[in-house]
Structures are given as C-alpha cells and as structure tokens.
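S.K.: The following block contains the structure, expressed as structure tokens.
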C-alpha cells in the first residue's frame, strides 16, 4: 500500500566508524531530498547504548516522507524503484526498501525484514559464502525475483596473527604475552580502579598512537621478552589481512546465511519454484537451503485458517440443528456458503487483487451473512407452516416478508463500502480486497438465499406432494 512514506535500511561493512557512516548517510539524504516527491527525510545511524534496537554504527535507516499523492507523479513503489537505481553506485553497501507497516509485520512474523528469502545452513563459513553466491545466481535467473540482497558480499577485514612457536621459545615468550600486548594496543588493559564520588571507574592502559589497521603496523608492535628487551611482533609471528563475512548467525547451533529478495506476482508459485530448484541443486553433505522469510509462516497460517474454518462451519451446523430441530434445513443453509464465496472470489479476480488476509476476513464475514439470511428465511417459513400454510405457500410468504430487510442490509453494507472501493481515505488499499470480496459475495448471496435455498427445501416437498396426489387419483 502507499502509506506516503518509504523506509530504507542501509548496511555498510562492519567496523565502519560513526563519522564515516554519518558522512555516507548525509550523501544518501541529499540524494533523497533532491527528488521533488520527497518532503522530508528522518535518519537514524546506529543505535543508542540504552534502547530496544541493537545495531552498530555501520547500519542505519531513513524514513522518507513523501508529498501527498495528488502532489506527486510517482507512487511509493515507483519511488522505491527509482531509489534502487540512484543508490546502485554504492556497491559496497546493501540496501533494503520497505513500506513501513510491511517491514514491521515481516519482522514480527518471521524475524526477517523481508517477505521472501532463502536460508542456507551449514558449518563452514567459506562454503556457506560459496553456496550463497550459487543461490544468488539461481535467484537472478528467475524472472519473478528482484532486489536480491546477499549480505555475504559486505565483507569485513580481519587481521590474523600466526605465532611461530620456535621463535616464541627462543625469546622466552608465550602466546599469552602476545595476546596481552595486542589487547593493550587495541582495546587497552585495565590497570586499576579509581573510586570517584562513590562510583568505581576502571583505568585502562593502551599504547599511544598505536594503529592496528594494517599488517605492517601490527608487525611493528613492541613485545617485551623474558630478558626485558623489546622486539617487534613480526619476529615471532606472521601477520596477514583476510576478508571474512560481515556477520555469522546461528539457528539451533548451526551456522546459517540468509539471502533476501522480492517476489513479484504469485508468492506461492514463486516460492514453490525456488524450493524445487533448491532441491535439485547439488549441496555438499551437511548443507541445505530452504525458502524462508514470512512465506513459511503464511503457509502455516493458511493451514490453521482452513482447519478453523471447517471447525467453525461444523459448529455452526450443530447449533442450527439444535435451533431448527432438523438436520436437512441447516444442511441446505450451508449450501448457500459456496455460492456466496464464489461471488466474492469472482469480484476479487475481476478487480485484479491477489489473495491476502483481508480476503480471508471477508470470507468469514460472508459466511456469517449467508447463514444469518438462511436462518431468517427458514424461521419465517417454519412460522408460516405452523400457521397452516402449505410448504410452497409458506416459503412464498416468507420471501415476501423478508425480502425487504435482506435487501436493505445488502444495500446499506454496499453503500458503507463505497468510500473504500473507490479509494477515498488513507490506507484504503488494505481494505479494498475485503470490500470487493464482501460486495461480490453479497450479490450472489442474495441469489443463494432467495432462490437456491427455497429450491432445495421446497422442490423435493413439492415433488413428493405431486407424486402422492397422482397415486391417490
């Protein structure tokens, strides 16, 4: 839906300083504000020490407030496509584009900031990176998948110090001595604690002006030998700079890497196609890949929804049997439900809307309306029968008396849905599928209640009566 705003998350290589991240954020803001459709930009870089968000300074997000829809020439989705192109020059960064509400729902349901993704499981990080590149290539070959985000491409530099045990023994050093020197040069070593105004303050000692960003600088780090002499670290160690994945996540003790993407069109068809392709890929033993994101949650929700619907219909049937003291009449009422739902689904398909949760809510609403209309007609027909009228005449009288209330209910419901159907008001896009589902179902529901239901209950009785009269003659 077009909420009038866009949420853009950007991820830089881990270890990026706050100053550098802020500088890049200012550039991204400038690009955004240069667009005439953007009214304001609110940016957050990193997270405070005390807060519900735990993110380093290399991550940030921008909330772009767009001008009202009638004052801009592009929708929110079109603006997202434009920003993907504008930010494509920042090749060392990853970007995620969201509608604000959708992003919150995705994270709430699946823990991932996207509706669709592929998660690869395994033990070795290097193999996971290699497999993620293969999966990314596979996803790019799919025409219905776009905006693939592979976080393994955001690399982090790592200094690796390989100690020479024979050199350490020659100088009377241990691995602990080298570790303490590296810690003092990097983070510092706590020497003591000072009490100031009833507060304990740790005192750290570290090397002054000692940089640890390049292998040669680390190699010049002075180490104290057992005899009290100073030697550079490179005499007892081999220092190398390597590139590793920016982050490592685990699930149930197993390493995993997730690629995020956007699925265009039918999400279920796209997910099934991707999972089928993943099953055919040749993964090493102990490695696997599955479709993740909100899609598995959606499929589980559909199963629960179907089970709940069947249980609800069964409970409704039992309640109607108790109320009407008949098992045939409630069964006839239930036959009106498919007719009502069919009209709603036809209206949704004709208007080009996809299946979503709001259509499920509309289906439940239509089931209640169909059952209510059926009970009203059958109660009135039974009352007329108790007054002495024949079955056919009782139903004719019931339809005559209840037609106006049923039509009034349908008309007032349709009128109340008109503002949403024509798109008046903010966030009307959320409820448009629901409104079209209810509108189509109400139209066919009237046909089911006033024509099909009487035919099912009156025609058999009328045929039996005609047959008995024929035999009597």
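S.K.: For the chain, what's the relative contact order in percent, using C-alpha pairs closer than 8 Å and at least 6 residues apart?
M.R.: 15 percent
S.K.: If one takes the longest principal axis of the Cα atoms in the chain, at what angle in degrees, from 0 to 90 and to the nearest 10, does the Cα axis of helix 175-186 lie?
M.R.: The answer is roughly 80 degrees.
S.K.: Order by neighbour count: 230, 207, 327, fewest other Cβ atoms within 10 Å first, most last.
M.R.: By the 10 Å Cβ count, ascending: 230, 327, 207.
S.K.: Label-point separation (nm) for residue 240 and residue 290, each offset 7 Å from Cα along Cα-to-Cβ?
M.R.: About 3.6 nm separates the two model spin labels.
S.K.: Let me ask something else. With the crude spin-label approximation of a point 7 Å out along Cα→Cβ, what separation in nm comes out for residue 67 versus residue 429?
M.R.: So the two model labels end up 1.9 nm from each other.
S.K.: Let me ask something additional. Take the alpha carbon atoms of the range 243-317, find their center, do the same for the range 163-185, and report the distance between the two centers in whole angstrom.
M.R.: Answer, in whole Å: 48.
S.K.: Sticking with this structure for a sec: Order these peptides, 24-36, 371-383, 261-273, 159-171, by their mean beta-carbon neighbour count within 10 angstrom, highest first.
M.R.: Ranked by mean Cβ neighbours within 10 Å, highest first: 371-383, 261-273, 24-36, 159-171.
S.K.: For n ≥ 4 DSSP H runs only, could you compute -39500 (n - 2.57) per run for the chain, divide by its residues and tell me the 222 nm figure to the nearest 500?
M.R.: Roughly -17500 deg cm²/dmol at 222 nm, from the helical runs in the chain.
S.K.: Using Cα pairs under 8 angstrom and six or more residues apart, how large is the relative contact order of the range 157-245, in percent?
M.R.: 39 percent
S.K.: Okay, next question. What percent do you get for the relative contact order of the range 141-203 when only Cα pairs under 8 Å and 6+ apart count?
M.R.: Relative contact order, the range 141-203: 14 percent.
S.K.: With a Förster radius of 60 Å, plug the Cβ-Cβ distance of residue 385 and residue 29 into 1/(1 + (r/R0)^6) and report the FRET value to the nearest 0.05.
M.R.: 0.20
S.K.: If I fit a long axis through the Cα atoms of helix 328-350 and take the longest principal axis of the Cα atoms of the chain, what angle between them do I get, 0 to 90°, rounded to 10?
M.R.: That works out to roughly 50 degrees.
S.K.: Quick check on the chain: take the gyration tensor over C-alpha atoms, sort the square-rooted eigenvalues as a ≥ b ≥ c, and tell me if it's rounded (a/c under 1.5), prolate or oblate.
M.R.: Cα axes put the chain in the prolate bin.
S.K.: Another question, if that's okay. Express in whole angstrom the spacing between the alpha-carbon centres of the range 370-447 and the range 332-349.
M.R.: Cα centres, the range 370-447 to the range 332-349: 13 Å.
S.K.: Measure nothing but the geometry: give the 0 to 90° angle between the long axis through the Cα atoms of 391-421 and the longest principal axis through the Cα atoms of the chain, rounded to 10°.
M.R.: Its long axis makes an angle of about 30 degrees.
S.K.: Based on the Cβ-Cβ distance from residue 199 to residue 55, what FRET efficiency comes out when R0 is 22 Å, to the nearest 0.05?
M.R.: The calculated FRET efficiency here is 0.20.
Just so you know, all these numbers are worked out from the coordinates, no wet-lab data involved. Since the model is a prediction, treat every value here as computed from it, not as a measurement. Glycine gets a Cβ as well: all are built from the backbone with ideal geometry, and neighbour counts include every protein chain shown.
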